[in-house]
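Here, each number is a calculation from the coordinates, and none is a lab measurement. Only a predicted model underlies this, so the values are computations on that prediction, with no experimental measurement involved. Don't worry about glycine lacking a Cβ; one is built from the backbone with ideal geometry, like all the others, and counts go over all protein chains shown.
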Amino acid sequence: EPEVTQTPSHQVTQMGQEVILRCVPISNHLYFYWYRQILGQKVEFLVSFYNNEISEKSEIFDDQFSVERPDGSNFTLKIRSTKLEDSAMYFCASSENPTGLNYEQYFGPGTRLTVT
Amino acid sequence: AQSVTQLDSQVPVFEEAPVELRCNYSSSVSVYLFWYVQYPNQGLQLLLKYLSGSTLVESINGFEAEFNKSQTSFHLRKPSVHISDTAEYFCAVSFHYGGSQGNLIFGKGTKLSVKP
């Protein structure tokens with residue numbers, strides 16, 4: 001069964017450093033998403049991406065964040081200058097048509113980001 | 001405002017007992033509804049979903065959920081739980097309006113703890 005993959009599984013970085021989290025969505029999916037889950041809290045939507053541009057973003061997704069689809073397979077989330085409060089599990093997801101009859105989002109296993 | 005509420009943060013039950021995990025949402029537009037399960041140190045797995053049609057949906061491992069539009073609820077039930085059902089359960093809603101890309105709004109999660 002096709003699946004969403006994410007690398008690395010765990011990233012440790014120092015405050016102020018840039019990090020790039022990588023995701024490979026399911027190959028025939030066209031819609032891509034990033035979510036984060038701070039330890040002990042709920043999963044929060046960050047951004048959705050379609051047709052090589054951001055479709056929607058939440059208040060969390062400020063200027064420190066950016067997303068990119070650099071080639072035909074990868075979907076990345078960049079945090080330009082990490083803060084302690086960016087420590088969280090970051091989930092990538094992908095889907096087919098969000099209004100389709102079989103709509104669901106497929107989630108990757110997550111990248112645990114630890115900012116020290 | 002659109003929101004998802006899971007009132008119970010923790011639900012302890014004994015093995016083979018029935019369980020209900022509650023989920024309510026607030027929306028002025030049509031919705032798709034999902035339950036995701038997260039086992040310790042793992043990612044999010046789709047348990048079941050309601051998109052349209054029959055308001056009662058079932059998973060392969062005995063869970064079911066019923067969409068109640070008048071009460072704006074999507075409660076998750078299982079008539080007899082197993083130790084292996086111990087996990088955190090997240091209700092998620094996708095709100096549909098013009099231009100929506102299907103991003104999910106999650107509830108805070110309910111930790112189901114099944115005791116022998």
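Restricting the stretch A:77-116 to residues that are buried (at least 17 other Cβ atoms within 10 Å of the Cβ) and among the β-branched types (V, I, T), the residue that is farthest from B:Y97 (Cα to Cα) is A:V115.
Scanning the stretch B:24-47 for residues that are without any contact (Cβ under 8 Å) to a residue 24 or more places away in the chain and within 19 Å of A:E1 (Cα to Cα) yields a total of 4.
Filtering the stretch B:1-25 to residues that are over 15 Å from B:S73 (Cβ atoms), assigned to a loop (DSSP other than H, G, I, E, B) and hydrophobic (A, V, I, L, M, F, W, C) leaves B:A1, B:A17. The condition of being within 29 Å of A:S94 (Cβ to Cβ) and of a type outside the set (S, T, Y) holds for only one of B:V31, B:V11, that being B:V31.
Close contacts from the stretch A:30-42, counting a first residue that is assigned to a loop (DSSP other than H, G, I, E, B) and a second that is of a type in the set (D, E) and surrounded by 14 or more Cβ atoms within 10 Å (Cβ to Cβ), with Cβ to Cβ under 8 Å and a gap of 6+ residues or different chains, come to A:L30/A:E96; A:I38/A:E44.
Does any residue of the stretch B:3-17 turn out to be surrounded by 14 or more Cβ atoms within 10 Å (Cβ to Cβ), of a type outside the set (A, V, I, L, M) and over 27 Å from A:S58 (Cα atoms)? Looking for residues that are surrounded by 14 or more Cβ atoms within 10 Å (Cβ to Cβ), of a type outside the set (A, V, I, L, M) and over 27 Å from A:S58 (Cα atoms), one finds at least one in the stretch B:3-17, hence yes.
Consider the stretch A:81-116 and keep the residues that are of a type in the set (D, E, K, R) and over 14 Å from the mean Cα position of the chain (by Cα). The one that is nearest to the other protein chains (Cβ to nearest Cβ) is A:E104.
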